[in-house]
């Protein structure tokens, strides 16, 4: 995954949280085997109370989403993280 993709991911997450003043996010690497498989986890957090209301996991190397759990938003079988975050932003506007 290119560095520009990482910047795009961060920009989309910031846009989402800016549109929802009571929602923040945290991202961390939850798995790395040192042989080219790394998984990032994005937690969607509601304030006040710091409640985890959503989770998205994706492979860093390919950008492919593994898990999306946020309200009724569902991932397709071949969705990448940038598309998923765009869906998240659009879904939350409805």
With only helices counted (DSSP H, runs n ≥ 4, each -39500 (n - 2.57)), the per-residue ellipticity at 222 nm for the chain, to the nearest 500, works out to -10000 deg cm²/dmol
Here FRET efficiency (C-beta to C-beta, residue 11 to residue 66, R₀ 25 Å, nearest 0.05) is 0.70
Length gained, residue 22-residue 37, 0.36 nm per residue minus C-alpha separation, equals 2.1 nm
On the formula 1/(1 + (r/R0)^6), with r taken between the Cβ atoms of residue 47 and residue 78 and R0 of 25 Å, the FRET efficiency rounded to 0.05 is 0.15
In degrees, nearest 10, the alpha-carbon axis of helix 3-19 is tilted away from the dominant principal axis of the alpha carbons of the chain by 10 degrees
Using the Kirkwood formula on alpha carbons, the hydrodynamic radius of the chain in angstrom works out to 13.5 Å
Rounded to whole angstrom, the alpha-carbon centroid of segment 47-91 lies from that of segment 17-34 at a distance of 10 Å
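Read the figures in this text as sums done on the coordinates, not as results from a lab. Since this is a predicted model, take the numbers as computed values, not measurements. Cβ: placed from backbone, ideal geometry, glycine included. Neighbour counts: every protein chain shown.
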